[in-house]
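The values are calculated or read from the model by the stated rules, or taken from the named source; none is laboratory data. Owing to the predicted nature of the structure, the values given are computational and were not obtained by experimental measurement. Here the Cβ positions follow ideal geometry from the backbone for every residue, glycine too, while neighbour counts run over all protein chains shown. In case anyone asks, the SASA skips ligands and DNA or RNA and just uses the protein heavy atoms, side chains included. Shrake-Rupley method; radii C 1.70, N 1.55, O 1.52, S 1.80 Å.
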Amino acid sequence: GTKITTHNSCYIYTGLKTFIYPRTYTGSGYTECLGCLELKVASLPGNWKTTYLSSTFSRSGIVRLELPIYPFAPNSVCDNCINLRHIIIPDGITQLAGGLCSGGRITELVIPNSVTLISSIARGCYNLKKIYIGSGTTNMNAGYIFNDSIFLEEVHIAAVTPPTLQSTVFPSVANFTGTIYVPAESVEAYKTATNWSAYADKIVAEP
């Protein structure tokens, strides 16, 4: 129940194995568990109201992370966590900044409808095979978001209007063998939209 305002960098490069945040925590989460290779579990309460999370678990041994239900922009939270298998992003988060799960071994990523902007969150996620992008996303015009995910099989996008897209977001056309599923009424819009058009022969209606 203690009201902590901040404990930045307090456990970096230690043998910490489990970290449970207090429910009343309202401070920041900056590099708190950076480099904690033995850390496997972290609990972030659903009503947790943080100002930001930045590099909180970078280069740690964390396997699974569920972000709190709060409209903030997590940044580099699990960057270079090579053991990361699962990350849960709840509806309510509006922006996904760079390095959220970069370098992890996740195979599936679900981005909720509340997210409007996605930047380089999954650089180096070579095992990623399925991506589900919610209806609220309007901006994917930043960096190499899924560029390294060369084994992508399915990309599902619920947005009716094609989000702005940077040309480096997905693997190059030559390296992308998957399928992009979009709303049936938006197939032609996606096939002709800037940078989406390069993947026109891979864009089909969501079944």
> If you check Asn75 against the conditions, is it out of contact with any Asp or Glu (no Cβ under 7 Å at 6 or more places or on another chain), open to solvent by 50 Å² or more (accessible area, probe 1.4 Å), among the polar types (S, T, N, Q) and modelled with pLDDT of 60 or more?
Replying inline: yes
> Any idea how many residues of segment 75-128 are at positive phi and over 8 Å from the mean Cα position of the chain (by Cα)?
Replying inline: 5
> Applying the selection to segment 115-130, what residues are closer than 15 Å to Leu96 by Cα, surrounded by 19 or more Cβ atoms within 10 Å (Cβ to Cβ) and out of contact with any Asp or Glu (no Cβ under 7 Å at 6 or more places or on another chain)?
Replying inline: Val115, Ile118, Ser119, Ser120, Ile121, Ala122
>> Of everything in segment 70-114, what is out of contact with any Pro (no Cβ under 8 Å at 6 or more places or on another chain) and of a type in the set (D, E, K, R)? Give them in sequence order.
In response: Asp79, Arg85, Arg105, Glu108
>> Being more than 24 Å from Asn127 (Cβ to Cβ), polar (S, T, N, Q) and open to solvent by less than 50 Å² (accessible area, probe 1.4 Å) is the filter here; which residues of segment 178-204 pass it?
In response: Ser186
> What's the number of the condition His156 fails, among (1) more than 16 Å from Gly103 (Cβ to Cβ); (2) under 16 Å from the mean Cα position of the chain (by Cα); (3) modelled with pLDDT under 95?
Replying inline: (3)
> For segment 19-69, what are the residues that are modelled with pLDDT of 80 or more, touching a Lys or Arg at 6+ places or on another chain (Cβ under 7 Å) and either aliphatic (A, V, I, L, M) or open to solvent by 10 Å² or more (accessible area, probe 1.4 Å) (or both)?
Replying inline: Glu38, Leu39, Lys40, Ile62, Val63, Arg64
> Of the residues in segment 131-161, how many are open to solvent by less than 60 Å² (accessible area, probe 1.4 Å) and either in contact with a His (Cβ under 8 Å, 6 or more places away or on another chain) or more than 23 Å from Glu185 (Cβ to Cβ) (or both)?
Replying inline: 10
>> Condition first: at pLDDT below 95 and among the hydrophobic types (A, V, I, L, M, F, W, C). Can you find one or more residues in segment 181-193 that meet it?
In response: no
>> Restricting to segment 87-112, and then to whatever is assigned to a loop (DSSP other than H, G, I, E, B) and in contact with an Asp or Glu (Cβ under 6 Å, 6 or more places away or on another chain), can you tell me which residue is surrounded by the fewest Cβ atoms within 10 Å (Cβ to Cβ)?
In response: Pro112
>> Taking the criterion of being among the acidic types (Asp, Glu) and farther than 17 Å from Tyr144 by Cα, would at least one residue in segment 74-89 satisfy it?
In response: no
